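To start, the structure itself, in structure tokens.
The values are calculated or read from the model by the stated rules, or taken from the named source; none is laboratory data. All values derive from a computational prediction rather than experimental measurement. Don't worry about glycine lacking a Cβ; one is built from the backbone with ideal geometry, like all the others, and counts go over all protein chains shown.
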Amino acid sequence: MNVLLINQYFHPDISATSLIITDLCIELTRHFNISVLCGTPSYNPAESLTYKSFKFYTYKDCRVMRVWNTSFSRRTFKGRILNYLTFMSTGCLTALLLKKSNATFAMTDPPFVGFIAYMINKIKRVPYVVTLQDIHPDIEIHTGLLKKSFLVSAWIKLNKLIFNNAVYVIVLGNTMKDYLKDAYGLAPEKIKVIPNYCDDKIITPQPKQNKFLNDKPFKDKFIITHSGNMGLNQDLHIIIESAKLLKDNQDIAFVFIGDGAMKERLLASVKNNALSNIHFLPYEQKENLPFSLSAADVHLITLGKGLTRYILPSKLYGIMAVSRPIIACIDNDSDVAHIIEEAQCGLVIEPGNPETLANAISWMYKNKNDLPALGENARQYLENNLRKAHVIEKYRELFLSISSRVSL
């Protein structure tokens, strides 16, 4: 079976989405012929390779077709939209010129990338699946970034067109599934819940004092880490405010690892408040993740109030894989909250409240001896319920079901 996967980001981009999709494609090549249509890398890949426009090559048995798009900074909304639109233009044209596949798999970048799969379906009669890591423009409407307008209404109508014509729409959790049923009127059987994952054989627990901390000024501190995208939806300012409340405890260090649209604002806030207990580090390469994640005593997951209907933070899986406890500032009826509570691997607190977060961190600090047990609970839950092999098998079965439909 020949499957065309479409997503703007792919190896060597080091965003969470790129890492997940790249690994998924490699695993699926064991069962299917996978081709990937992607754009220009935009997460500052460390490799000193030149990624030319319209370059065709093979990466670990995946046939990769890399098309041109603009490379404006992702930290501005306009720049990101221009990058998306140029990828959509070149990607759609390229996809229509390619040899017909048996199925199209539209991932999550750009948010309306499913339109390319829809066009292939209408012109070439190829069935397609859409995976939603996030639900747009619903997020932007909720946060006030976008107001209701003709363009926003058109975007929502486009979503309905794409979703209704797909064989399946894949979401990461039941909260997102319920929202799609209510907001878009999709039949429950059309929506499949398949979570993200991390490679639990590679992302494994390491000692806290490992090579990642060798040259770090906070290596002997009690480390509170936020690792991953510093985006507009994470409500990251509550971490800064909590650090202000805890600044008199010189034994606690806050560490941000990653990048994103909010990073410059966070840096400015730290400078304006003269906070010496907060540190910023760049993204880590995949092979270093077991060490950077294990260097934390506690990991933070934050998300703005009400956003769990549209987003499921996938950093959860890596944290659980390295056996570290979690403080989640997130809606208590979300999938993440349910997992943490069921696994008994951390604390779930109300989003947007710095005082509550500071109190939760203080509790963790005072109860250090209990943290290894919470971490072990996290890893055990991951191994029992969220292993990579389980997720890959769900994707394999899904595409086999599409293959059987095509052959009928």
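At-a-glance table
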| quantity | calculated |
| --- | --- |
| Cβ pairs under 6 Å, 6+ apart, first in the stretch 71-90 and within 16 Å of Gly260 (Cβ to Cβ), second assigned to a helix (DSSP H, G or I) and among the hydrophobic types (A, V, I, L, M, F, W, C) | Phe72/Leu82 |
| Helices (runs of 4 or more DSSP H) enclosed by the stretch 341-408 - at least 3 residues per element that are of a type in the set (Val, Ile, Thr) and assigned by TED's automatic domain parsing to the domain that holds Val167 | 388-407 |
| Any hit, the stretch 328-336, residues being assigned to a helix (DSSP H, G or I) and either in contact (Cβ under 8 Å) with a residue 24 or more places away in the chain or surrounded by fewer than 21 Cβ atoms within 10 Å (Cβ to Cβ) (or both) | yes |
| Index of the failed condition, Thr302 passing every other in (1) in contact with a Pro (Cβ under 9 Å, 6 or more places away or on another chain); (2) farther than 26 Å from Lys181 by Cα; (3) hydroxyl-bearing (Ser, Thr, Tyr) | (2) |
| Residues that are at pLDDT below 65, of a type in the set (Ser, Thr, Tyr) and over 19 Å from the mean Cα position of the chain (by Cα), drawn from the stretch 30-55 | Ser48, Thr50, Tyr51, Ser53 |
| Wholly within the stretch 190-308, strands (runs of 3 or more DSSP E) carrying at least 2 residues that are assigned by TED's automatic domain parsing to the domain that holds Pro325 and crowded, with 22+ Cβ neighbours inside 10 Å | 222-227, 252-257, 298-302 |
| The stretch 110-132, residues that are among the polar types (S, T, N, Q) and either surrounded by fewer than 23 Cβ atoms within 10 Å (Cβ to Cβ) or over 21 Å from the mean Cα position of the chain (by Cα) (or both) | Asn121 |
| Out of Ile139, Ile191, Ile156, Ile170, sole residue that is touching a residue at least 40 places away in the same chain (Cβ under 8 Å), among the hydrophobic types (A, V, I, L, M, F, W, C) and more than 18 Å from Asn233 (Cα to Cα) | Ile170 |
